[in-house]
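Scroll down for the structure; my scribbles are underneath it.
The values are calculated or read from the model by the stated rules, or taken from the named source; none is laboratory data. All figures in this text were calculated on a predicted structure; none of them were measured in a lab. For neighbour counting, all protein chains shown are included, and Cβ atoms are generated from backbone atoms with ideal geometry for every residue, glycine included.
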Amino acid sequence: MKQKLVLKLVLLGDPGVGKTSLISQFVHARFRHSYQLTVGLDISSKQVKLNDGRTVTLSINDIGGQARFAAIRHMFFKGAHLAMFVYDVTRTETLTNILDPWYKELMEFCSQPGKARSAIQTILVGNKSDLEDYIMVDEEEGLQLAEKINANEHILASAKENIKVDDAFKTLAQSFFDEVQQ
Ligand code: G3D
Ligand code: MG
């Protein structure tokens, strides 16, 4: 019997950037206009096809509003293979906050004894790209930050209009295998 590949993916970023919306669009192909703040930890899963035809299951973890509790963050990060950092292109501070606290915290967790930092693959997603008239972040700024945190890609997406959402999740899954095979 073939072994099932499961990768744990965590989404990180400020409240309101669209983490839950990206997951909903990717997993359920729908966008809801009113979301409750995610309470605790939401886990959903979806299969994606890799470039070589293999299938991998993503176990997608949405931490939501409880991120302030250290114990929950610990559970959230533990065993993660992939991290998607999400900011909102209409709010500059959400990009700044990717570096500190989100990236900083993930690195702190991964640098604990026994946790190999290089095992986690990351991408940076600028969400709400449909709000063209309100965009406050230059693509260049996003790219620079992506380089700084060593992310594999910087992708501008819209959970609402379903732009580049599948791409973001698939690129992230693929990057794990590209890295392992090198
Ligand atoms: P979070 O999980 O990161 O906290 P949510 O963010 O997914 O709950 O989204 C926060 C708000 O942004 C929601 O609006 C949601 O509809 C909106 N949103 C999410 N993604 C997009 C997008 O791509 N484009 C636009 N225009 N809006 C988006 P409400 O009004 O429910 O607070
Ligand atoms: Mg949420």
* Structure fact -> Among Gly64, Gly114, Gly126, the single one that is surrounded by 13 or more Cβ atoms within 10 Å (Cβ to Cβ), away from ligand 2 (no atom under 16 Å from the Cβ) and either at pLDDT below 95 or at negative phi (or both) is Gly126
* Working carefully through the options Lys104, Lys170, find the one that is surrounded by fewer than 19 Cβ atoms within 10 Å (Cβ to Cβ), out of contact with any Phe, Trp or Tyr (no Cβ under 8 Å at 6 or more places or on another chain) and touching a residue at least 12 places away in the same chain (Cβ under 8 Å). => Lys170
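I'd like to check something: does segment 9-17 contain any residue that is more than 13 Å from ligand 2 (Cβ to nearest atom), under 18 Å from Gln121 (Cα atoms) and modelled with pLDDT of 95 or more? Spell out how you get there, then give the answer.
Step one: of segment 9-17, the residues more than 13 Å from ligand 2 (Cβ to nearest atom) are 9.
Cutting the leftovers down to under 18 Å from Gln121 (Cα atoms) gives us 9.
Now drop any that are not modelled with pLDDT of 95 or more, which leaves 9.
Looking for residues that are more than 13 Å from ligand 2 (Cβ to nearest atom), under 18 Å from Gln121 (Cα atoms) and modelled with pLDDT of 95 or more, one finds at least one in segment 9-17, hence yes.
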* To do: Note down all Cβ pairs under 8 Å where the first residue falls in segment 26-37 and is at pLDDT 60 or above, the second is of a type in the set (Ser, Thr, Tyr), and they're at least six residues apart or on different chains.
  => Val27/Ser44; Val27/Ser45; Arg30/Ser24; Phe31/Ser21; Phe31/Ser24; Arg32/Ser21; Arg32/Ser24
* **Scan of segment 130-152 for residues that are loosely packed, with under 15 Cβ neighbours inside 10 Å and of a type in the set (D, E, K, R), ordered by number** => Glu132, Asp133, Asp138, Glu139, Glu140, Glu147, Lys148
* **For Phe109: the one exception among (1) within 16 Å of ligand 1 (Cβ to nearest atom); (2) outside any loop (DSSP other than H, G, I, E, B)** => (1)
